[in-house]
Amino acid sequence: MKKILQYLFEYKTLTRQQACSILKEISKGIYSESEVASFVTVFLMRSITIDEMKGFQQALLELCVPVTLDGYDVLDIVGTGGDGKNTFNISTLSCFIVAATGQKVVKHGNYGATSVSGASNAMENLGYEFSNDTGKLKKELDECNFCFLHAPMFHPALKAVAPVRKHLGIRTFFNMMGPLVNPCFTVKRMIGVYNLEVARLYRYILENEPNNFSIIHSLDGYDEISLTADTRVITKNGEKTYDAFYLGKRSVEPSDLYGGNTAEEASKLFLKILKGRGSWAQNAVVLANASLGLKTATGKDYDECYAACAESLDSGKALNNFTRLMEMQ
């Protein structure tokens, strides 16, 4: 690792193959936490290159425990995290709303490294049992249109760096990698990112893949549709900016998105919103994210998707779907 660090400290960048090889070595646990922390810190001091991102992605996908879901049309709604906003679990809630419209969702997530409650914190606290058993996951998809993939169970490299990420407590390039390495290779994706530079890196990586995608960024720094500002949306067809009134029928304040001080508070808020007791602003934000996710998966008109998602939440379908999933655990 010393030679690698000296090379990087000279402002040099890695080739795709070098990046792939180094991350594979990290996953084997041959480096100390301080060495891994030093390596990760390099990419906090300069922008990551496309070749480096592709190399890290290649390593994670080659090492992962794959989930074979041939014949399933599936979507993931996921954010990079690391925006420092401490919002409630918007993307995970959106997934349940979309699943109750009939669209199958394979949510890939992890514990929060820079926030109080990541997707895995929320799912675990709510009673979901993590598994990499394909039979269990398929049964959940068949009966509830939803299953959850806890990243460390599928990615040994992510498990190896988890302590370092937690101790650092700041955004690292692993935040950027998570949405790109869903172990279900055929997944369609709506990905929220924390800045436009990362959004365009994602576009370069995803534009040649066969599956549909949407990359979203709220222009005031959120890695999701926040409705606190305009949202930039990038797809295979180009880029477009949408205002809050188009996406959510209203704008909201940052305080409306607060996720709580503890993972337990976040879980209570999750259930409150899913039960239809959320504030107007909370519901609007969740529905906006769910609707664009559904549009990404189906190609349907946004207003049609919004109506379907609103009916999913308002009728209690999303809650019933969630309840049925938890009863299967």
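Structure values in brief
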| item | result |
| --- | --- |
| Positions within segment 128-158 being under 20 Å from Met53 (Cβ atoms) and part of a helix (DSSP H, G or I), in sequence order | Ala151, Phe154, Pro156, Ala157, Leu158 |
| Unmet criterion (only one of (1) outside the structural domain of Asn132 (by TED's automatic domain parsing); (2) outside any helix (DSSP H, G or I)) for Val78 | (1) |
| Filter result (assigned to a helix (DSSP H, G or I), at pLDDT 95 or above and surrounded by fewer than 19 Cβ atoms within 10 Å (Cβ to Cβ)) within segment 261-279 | Leu271, Lys272 |
| Residues being outside any helix (DSSP H, G or I) and either crowded, with 18+ Cβ neighbours inside 10 Å or touching a Lys or Arg at 6+ places or on another chain (Cβ under 8 Å) (or both) - total across segment 1-42 | 3 |
| Segment 173-203, residues that are over 20 Å from Cys147 (Cα atoms) and part of a loop (DSSP other than H, G, I, E, B) | Val193, Tyr194, Asn195 |
| Segment 195-210 residues that are in contact (Cβ under 8 Å) with a residue 24 or more places away in the chain, paired with ones that are part of a helix (DSSP H, G or I) and β-branched (Val, Ile, Thr) (beta carbon under 9 Å, 6 or more apart) | Leu201/Ile50; Tyr204/Ile50; Ile205/Ile50 |
| Checking Val233 against (1) part of a helix (DSSP H, G or I); (2) within 16 Å of the chain's Cα centre (by Cα), the condition it does not meet | (1) |
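The values are calculated or read from the model by the stated rules, or taken from the named source; none is laboratory data. Keep in mind the model is a prediction, meaning the values are calculated, not measured. Every residue, glycine as well, gets a Cβ built from its backbone with ideal geometry; the counts of neighbours run over all protein chains shown.
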